[in-house]
Every structure is written in C-alpha cells, then in structure tokens.
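Working notes, beginning with the structure itself.
The values are calculated or read from the model by the stated rules, or taken from the named source; none is laboratory data. Predicted model, so just to flag it, every value in this text is computed and none were measured. Cβ placement follows ideal geometry from the backbone for every residue including glycine, while neighbour counts extend to all protein chains displayed.
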Amino acid sequence: MNKPIINKGGSLLERAAEVYDFSAHRTARAIPDSELQPAPAPKAAPAVPAMPVVEAPKPVEAPKPVEAKAVPIAAAPVAKPAPVQPAALPVAGRQARIDRDLLVENQMLIPGAPIGVLAEEFRLAKRQLLLTARTLNAQEPDKARTILVCSAKPGDGKTYCAINRAISMAAERDTRVLLVDADFPKPGILQRLGVADGRGLLDALADPSIDIEKCVVGTDIPNLSLLPAGAQTNADVELIASGRTPELIARLLAADPGRVVIFDSPPALAASPASVLALHVGQVMLVVRADKTSEGEIRDTVQRLEGCEHIQLLLNKVSFAPGGARFGSYYGQEDEEQ
Ligand SMILES: Nc1ncnc2c1ncn2[C@@H]1O[C@H](COP(=O)(O)OP(=O)(O)OP(=O)(O)O)[C@@H](O)[C@H]1O
Ligand SMILES: [Mg+2]
C-alpha cells in the first residue's frame with residue numbers, strides 16, 4: 001500500500017486537513033505546470049486527467065468528533081449552454097441530448113461555458129489524479145482509466161460530483177468519458193441529465209447475450225457517454241459481485257482505448273456495490289460532506305473500500321438557503337467577501 005499523500009499546495013486539501021486529522025499523511029511535492037499536461041497517450045491507456053489526492057488514512061486512530069468548518073459558497077455556473085458539437089467517437093447504442101436547463105437548475109458544470117469558479121475547482125482537482133494515473137499506467141494501464149465515485153452516506157453529493165467530474169474530464173483532449181450509473185438501488189444519472197432510461201449495467205450482468213457496449217448512450221456533449229444502471233433487481237448485489245463485472249469493465253475499456261470510465265455508486269456504508277467496484281477500479285473519489293461526514297464515517301468508509309489503493313477525498317459542501325435560488329457550493333473556494 002502506498003503511503004498516504006496530502007497535497008498541501010492546493011487550497012482544498014489544506015482546508016480538508018484543517019477539518020480532518022490527516023496527520024498520518026505525508027506531504028506531496030508541488031506539481032510543476034509541466035506535469036499537468038496529459039502525457040502522450042499510449043495506445044492501450046491514455047493519460048487520465050488528475051484530481052486532488054488524499055490517499056486513505058490506514059492507521060485508524062480512535063474516531064474523534066469532526067468540527068465542520070463553514071465552507072464559503074462558490075459561484076454556481078450560470079453561463080449559457082454551449083453550441084452542440086458532435087461526439088468524437090460514435091457509440092454503439094442510442095444517442096441522446098443532455099438537457100442544459102437541468103444542468104443549470106442543478107448547478108452543474110455547463111459544457112463549453114466560460115470558466116467559472118466551479119469549473120476552475122474541477123480543473124484544479126485533476127492534478128493529483130493525473131499523477132496517480134501515471135503511476136498506475138505503468139503497472140495496470142486499464143485500471144488507470146477507471147474511477148469510482150462514492151461516499152459514506154446518502155446525499156453527500158456523489159452523483160453531483162460524478163456528473164461534474166465527467167463533464168469536466170470530457171472537455172479534455174483525447175479523453176472520452178463513460179459515466180456509469182452503478183447506484184442500482186437509486187439510479188439518478190440519466191434522470192438528472194434529462195436522458196431517457198434504458199438497458200444498462202445490471203441487464204448486461206444478468207444476461208450474457210447482451211452486449212454492454214450497445215447499452216452505452218452517446219450524448220451531444222462531446223466525449224461524454226452514459227451507461228444506465230439497468231433494470232432493478234433484488235439480485236443486484238450478487239450480480240455486481242459476480243465474475244461478469246470485471247469482464248464487462250474490460251469490454252468497456254477495450255471498446256475505446258481513449259475512454260475513462262467513471263462509476264457513480266450507492267453510499268458505501270449503506271450498500272455493498274461500492275466495496276465490490278473498488279476492487280476493480282484504479283482510483284476512488286470519496287466525496288466527503290464538509291458539514292456532515294464525521295471522521296469516524298470516513299474511516300469506516302475507507303475500510304470498506306480497501307480493495308482500491310488510491311482513495312482520494314473530495315470535500316463537498318452543500319448549504320441550503322431557504323428561498324434562495326442557489327444553495328450549493330463545491331469544496332472550499334474562498335469567497336472574496338469573507
Ligand atoms: N456542491 C453542490 N452544489 C450544489 N448542489 C449540490 C452540491 N452537492 C450536492 N448537491 C445537491 O444535493 C443533492 C444531493 O446530492 P447527490 O444526489 O449528488 O447526492 P448523492 O450522494 O448522490 O445521494 P444518494 O446517495 O442519495 O445517491 C442533489 O440535489 C445535488 O444536486
Ligand atoms: Mg446519487
């Protein structure tokens with residue numbers, strides 16, 4: 001297991017370190033700009049953009065109460081939708097249009113819009129992911145292209161961060177993003193993007209005659225495609241834990257060597273798919289609600305995800321302002337007025 005890393009160069013993790021006790025971690029070096037460019041893409045596994053990394057604290061100390069710091073609210077994207085461009089690669093399945101109004105309504109990133117605070121935060125968040133992906137690329141090139149988004153509990157912002165992560169990464173050159181809805185009990189990716197549901201991962205897991213690639217939905221956001229969760233079944237846990245899962249992931253990766261696969265998942269403390277998927281991905285993005293998730297919950301969640309060596313904390317904060325049109329923030333962007 002690699003030693004835990006905290007990037008003290010970025011504002012996010014400095015704030016995270018102030019909120020949570022990561023004293024067991026070592027400090028990562030500053031990343032020169034020259035390293036932030038995606039490396040020339042090898043055929044089998046192109047470079048993956050980076051996110052901030054805090055590798056999981058392994059030595060578990062006695063949990064102590066976490067003092068949630070007030071995180072100033074970052075500006076939500078309000079820019080106009082970008083002109084629609086064709087996707088870089090056609091997908092085998094159907095094509096769908098992403099509802100830009102829904103993106104605005106849910107305070108998501110708007111593809112092609114001028115860079116706002118939220119977009120800049122996600123851009124910054126790519127740095128450490130790139131470093132980790134490069135390391136992984138040398139050892140396990142396919143795993144380097146897989147990311148699991150999860151959190152301890154419901155409502156922490158997994159789906160929000162997974163969609164924004166996907167939109168942000170799809171803007172990268174030479175990177176095509178497949179966003180997979182692996183939250184089987186409560187799928188929400190397609191609905192939140194205004195895309196009709198359809199056959200998906202569970203169907204392909206249950207029926208070997210289904211070509212999973214044909215379940216992939218292309219979108220009018222260049223380089224972004226979606227994979228629905230599929231028809232709900234009581235056997236979802238058994239299906240995701242079956243040997244078919246790594247086979248299907250391999251099929252999705254082999255279908256496009258420039259593809260990065262991002263999985264949204266159910267809360268790790270409430271359901272097991274995240275633990276299972278953690279075995280098959282290169283990196284885990286663990287969404288932490290700054291105002292809600294306790295340190296003990298983080299430790300418990302990390303234990304459930306121990307199948308993956310590279311766990312990154314993403315500090316997310318949602319504050320609800322009654323009657324306010326906007327209520328969200330994305331981790332820790334300082335408000336100039338504060
Ligand atoms: N940083 C944020 N800014 C604005 N809204 C946010 C932010 N984070 C989360 N939200 C909103 O909070 C709500 C809950 O977030 P989300 O659905 O992403 O959580 P989740 O962890 O996926 O929940 P579940 O476990 O139930 O699937 C959603 O309405 C989402 O749009
Ligand atoms: Mg969700």
query = When only residues in segment 257-292 that are polar (S, T, N, Q) and not in a strand (DSSP E or B) count, which is modelled with the highest pLDDT?
reply = 265
request  = Go through segment 191-207 and give me each residue that's within 13 Å of ligand 1 (Cβ to nearest atom) and touching a residue at least 24 places away in the same chain (Cβ under 8 Å).
outcome  = 192, 193
note = Looking across segment 82-106 at residues that are at pLDDT 90 or above and not charged (D, E, K, R), the single one that is farthest from ligand 2 (Cβ to nearest atom) is 95
task = Kindly list the number of the only condition in (1) assigned to a helix (DSSP H, G or I); (2) within 15 Å of the chain's Cα centre (by Cα); (3) at pLDDT 85 or above that fails for residue 183.
result = (1)
remark   = Within segment 137-167, residues more than 8 Å from ligand 1 (Cβ to nearest atom), of a type outside the set (Val, Ile, Thr) and either buried (at least 24 other Cβ atoms within 10 Å of the Cβ) or within 10 Å of the chain's Cα centre (by Cα) (or both) come out as 144, 145, 148, 150, 152, 164, 165, 166
ask   = Looking at (1) touching a residue at least 12 places away in the same chain (Cβ under 8 Å); (2) within 16 Å of ligand 1 (Cβ to nearest atom), which is the only condition residue 111 fails?
value = (2)
message = So, in segment 211-231, exactly how many residues are in contact with an Asp or Glu (Cβ under 8 Å, 6 or more places away or on another chain) and surrounded by fewer than 17 Cβ atoms within 10 Å (Cβ to Cβ)?
response = 1
ask   = Which of the residues belonging to segment 190-209 are buried (at least 17 other Cβ atoms within 10 Å of the Cβ) and assigned to a loop (DSSP other than H, G, I, E, B)?
value = 195, 198, 199, 200
